[in-house]
Amino acid sequence: MTDQYAVLGNPISHSKSPLIHKLFSEQTGQDMTYTAICVPLDGFLLSLADLHAQGFKGMNVTVPFKFEAFAACEQVSERAQLAGAVNTLIRTDTGWTGDNTDGAGLVADLIRLVGDLAGKRVLMLGAGGAASGVVKPLLDAKVDQLTIANRTPEKAAELAQRAQHLRVNGCGYDVVPNQPYDIVINATAASLAGDLPPLKAGWFADSHCLAYDMMYSKEPTVFMQAAQGFGAQQTADGLGMLVEQAAEAFYLWRGIKPETTELLIHLKKTLG
């Protein structure tokens with residue numbers, strides 16, 4: 001019997017995860033299906049129970065359900081525990097085990113784009129589920145400074161405090177110094193709605209600055225366009241992160257790590 005997997009979110013119609021996992025399964029010879037499911041905003045737990053009853057083997061979880069997924073798990077991995085959020089669910093006999101592959105995906109893609117992250121000054125915009133999963137992996141990659149800025153300063157401060165590290169601080173957008181950063185990451189979901197967090201030109205003034213949007217689209221996101229307008233020399237969307245975190249999730253489910261380089265090239269051509 002073919003094993004069933006899915007990605008859960010709202011909205012979800014934009015997701016490229018079904019295509020990515022189809023290509024992964026073809027590459028590795030796995031007998032599986034993978035679909036995108038739009039879950040009602042107030043119906044996540046009911047949907048999980050229904051999918052378990054249907055025999056689904058695992059799920060990815062995206063905006064806005066990563067915190068609910070964490071709370072719904074019987075047990076979670078260390079990296080999910082540190083993130084306080086889950087983006088990958090693995091079936092058990094009675095429920096789900098949770099993991100978080102976002103950070104591994106982001107770090108792998110950033111290293112592909114800029115090389116070694118050691119000593120980099122990083123500004124991350126947003127303190128939600130996407131942001132929470134990447135703080136520890138960025139620190140493990142030896143970034144020199146990580147500033148987390150959020151519309152609600154208390155949320156950013158809480159995420160920074162959870163990291164328990166001197167190189168992390170959290171604050172509101174308005175108090176972030178108008179100074180250059182090596183990497184500016186948009187971890188908000190604003191790009192999905194064509195919106196922007198408040199930006200300062202000085203953040204992008206470094207000649208090697210990378211402006212990275214965790215969201216992805218066929219055209220450059222509004223964040224990428226704004227960053228270029230402020231002088232960012234390099235911009236990227238989150239397609240590479242999506243592919244890398246998907247490869248990690250695929251490995252957790254199937255025990256095989258797919259190759260990602262050629263697949264990412266293929267996806268970019270498909271989107272283009």
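Only one of these is over 19 Å from Thr101 (Cβ atoms) and not assigned by TED's automatic domain parsing to the domain that holds Ser132: Leu8, Leu19, Leu46, Leu23. Name it. Give the derivation first.
On the way: Leu8 fails: over 19 Å from Thr101 (Cβ atoms); Leu19 fails: over 19 Å from Thr101 (Cβ atoms); Leu23 fails: over 19 Å from Thr101 (Cβ atoms).
Within the list Leu8, Leu19, Leu46, Leu23, the selection yields Leu46.
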Those residues of region 107-135 which are assigned to a loop (DSSP other than H, G, I, E, B) and of a type outside the set (D, E, K, R) amount to Gly115, Leu117, Ala118, Gly119, Gly126, Ala127, Gly128, Gly133, Val134
Residue that is surrounded by the fewest Cβ atoms within 10 Å (Cβ to Cβ) [pool: residues in region 223-269 that are among the β-branched types (Val, Ile, Thr), within 22 Å of Val134 (Cα to Cα) and out of contact with any strand residue (DSSP E or B) (no Cβ under 8 Å at 6 or more places or on another chain)]: Thr261
Against the definition (under 29 Å from Ile12 (Cβ atoms), touching a residue at least 60 places away in the same chain (Cβ under 8 Å) and in a loop (DSSP other than H, G, I, E, B)), how does Pro197 come out, yes or no? yes
Return yes when Leu8 is within 19 Å of the chain's Cα centre (by Cα), part of a helix (DSSP H, G or I) and of a type outside the set (Gly, Ala, Ser) and no when it is not. no
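Considering region 178-194 alone, what residues qualify as being more than 15 Å from Gly128 (Cα to Cα), in a loop (DSSP other than H, G, I, E, B) and small (Gly, Ala, Ser)? Spell out the reasoning first.
Filtering region 178-194 down to residues more than 15 Å from Gly128 (Cα to Cα) leaves 178-184, 193-194.
Of the ones still in play, those that are also in a loop (DSSP other than H, G, I, E, B) are 178-182, 194.
Across region 178-194, the qualifying residue is only Gly194.
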Across region 136-160, what is the total count of residues that are in contact with a helix residue (DSSP H, G or I) (Cβ under 8 Å, 6 or more places away or on another chain), crowded, with 23+ Cβ neighbours inside 10 Å and assigned to a helix (DSSP H, G or I)? 2
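Would you pick out the residues in region 161-179 that are modelled with pLDDT of 95 or more and either of a type outside the set (A, V, I, L, M) or surrounded by fewer than 16 Cβ atoms within 10 Å (Cβ to Cβ) (or both)? Don't jump to the end; show me each part of the working.
Here is the first cut: in region 161-179, the residues modelled with pLDDT of 95 or more are 168-179.
Asn169, Gly170, Cys171, Gly172, Tyr173, Asp174, Val175, Pro177, Asn178, Gln179 - these are the residues of region 161-179 that are modelled with pLDDT of 95 or more and either of a type outside the set (A, V, I, L, M) or surrounded by fewer than 16 Cβ atoms within 10 Å (Cβ to Cβ) (or both).
Considering every residue within region 51-59, establish whether at least one is free of Cβ contacts under 8 Å to residues at least 40 places away in the same chain, farther than 25 Å from Leu271 by Cα, out of contact with any strand residue (DSSP E or B) (no Cβ under 6 Å at 6 or more places or on another chain) and surrounded by fewer than 19 Cβ atoms within 10 Å (Cβ to Cβ). Please lay out each step first, then the result.
Taking region 51-59 and keeping what is free of Cβ contacts under 8 Å to residues at least 40 places away in the same chain, we get 53.
Then drop every residue that is not farther than 25 Å from Leu271 by Cα, which leaves 53.
Add one more test, that the residue is out of contact with any strand residue (DSSP E or B) (no Cβ under 6 Å at 6 or more places or on another chain), and what stays is 53.
Then keep just the ones that are surrounded by fewer than 19 Cβ atoms within 10 Å (Cβ to Cβ); that gives 53.
Yes, the conditions are met somewhere in region 51-59.
The values are calculated or read from the model by the stated rules, or taken from the named source; none is laboratory data. Keep in mind the model is a prediction, meaning the values are calculated, not measured. Cβ sites come from the backbone with ideal geometry, for glycine too, and all protein chains shown count toward neighbours.
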